[in-house]
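Here's the structure we're looking at; comments come further down.
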Amino acid sequence: MPKAVIGSETLDSCRSLVEDDYGITFLPNTLNSKGDDDKVKFYPLASKLCFRQLVLVARSDRAKRFHLSEVAHIMQQFL
């Protein structure tokens with residue numbers, strides 16, 4: 001089971017931590033205004049239960065290694 005090692009109330013800090021390879025995070029889709037870039041990938045997590053649209057955010061190299069596009073798709077089925 002994944003363990004949260006860092007928590008922050010500043011969403012931009014969370015994105016920066018992902019960019020600096022501290023792991024992956026869940027963020028509201030509003031932070032996806034820049035879209036994917038070479039360093040960070042966003043995977044939507046649509047849910048009828050969430051009033052905010054969430055995205056799974058990871059560095060591009062980590063996203064490929066852990067197949068996060070497939071993980072996001074599977075997670076959507078349980079949200």
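Here are a few things to note about the model shown:
- Exposure proxy shown here: for Glu9, Glu70, Glu19, the number of other Cβ atoms within 10 Å sets the order, fewest to most, as Glu9, Glu70, Glu19.
- Taking 0.36 nm per residue of sequence separation and removing the Cα-Cα distance, the Lys64/Thr30 pair yields an extension gain of 9.9 nm.
- Chain lengthening between Asp20 and His73 when straightened (0.36 nm per residue, less Cα-Cα): 16.6 nm
Any read-out appearing in this document is the output of simple, stated calculations on the displayed coordinates, not a laboratory observation. Because the structure is predicted, anything quoted here is derived from the model rather than measured. Virtual Cβ from ideal backbone geometry, glycine too; neighbours counted across all protein chains shown.
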